[in-house]
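FYI, it's all coordinate maths here, none of it is from the lab. Keep in mind the model is a prediction, meaning the values are calculated, not measured. As a convention, Cβ positions derive from the backbone with ideal geometry for all residues, glycine included, and neighbour counts pool all protein chains shown.
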């Protein structure tokens, strides 16, 4: 039976070839065919998951919570010593240089990644902005979010910290990080559909072997796991469930 591997929309376009190579290697390691699919936005990914069209996915924290809780997906691995932090950025040439400069109403661009939005909204609470004071525009990717901030279409942007750091040096130079999270415990997770539970341990074994090979360091970095992979279990996800529920409040 062919498995279906969904590549998350927050994977940088530069790293997509490495994910396709990983899928080729997974097919050999698992002894079965598989097809990798790139989803342009989180809405498309969520629809595919809800329709039962995804067997394997590298999911952000909010999607991990949803897929495990609502669809019974199984946590396989997560990146070692890598957390999903968020950052609020503004234009480097704009009037906002710290939270005291944030206006009573703020126009913001973001992707449709719910965990990043929730964390960034909390980061802005010291500026006395309630939910209704943030006018949010959802864009397809972080490059468009950066463009909207730089060109003055919006006053701020919500970023996954890693996505901000992956922007070109020129683009980063036109942005100013205003405030960043330091949660440390939220991360992406590789998830497996319950119907393929027998692949959980083979997946872990393969990725553990990959992590221990010094020759794979560049590959691991491009996959967002520069320090390798570690097993993810239900307790890890339960902690993120509690945290994501708290962030919703």
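Where the centroid of each part is defined by its Cα atoms, how far is region 15-67 from region 173-233 in Å? The two parts, judged by their Cα centres, are 13 Å apart.
The simple Förster model, with R0 at 35 Å and r as the Cβ-Cβ distance, assigns residue 171 and residue 198 a FRET efficiency of 0.20.
Axis angle, to the nearest 10 degrees, between helix 200-212 and the longest C-alpha principal axis of the chain: 70 degrees.
With both labels modelled 7 Å from their Cα along Cα-to-Cβ, the residue 81 to residue 100 distance reads 3.8 nm. The slack in the chain from residue 47 to residue 28, taken as 0.36 nm per residue of separation less the alpha-carbon distance, amounts to 4.0 nm. Relative to the longest principal axis of the Cα atoms of the chain, helix 234-248 runs at roughly 20 degrees. Normalised by the number of residues in the chain, the mean separation of alpha-carbon contacts (under 8 Å, six or more apart) gives a relative contact order of 30 percent.
State, as an integer percentage, the relative contact order of region 86-180 based on alpha-carbon contacts under 8 Å between residues 6 or more apart. It would help to have the intermediate numbers written out before the result.
Working: 161 pairs, mean separation 47.1, N = 95.
Relative contact order of region 86-180: 50 percent.
If you plug the beta carbon distance of residue 131 and residue 21 into 1/(1 + (r/R0)^6) with R0 = 30 Å, you get a FRET efficiency near 0.10.
Given labels modelled 7 Å from the Cα in the Cβ direction, how far is it in nm from residue 239 to residue 217? According to this spin-label approximation, the distance is 2.7 nm.
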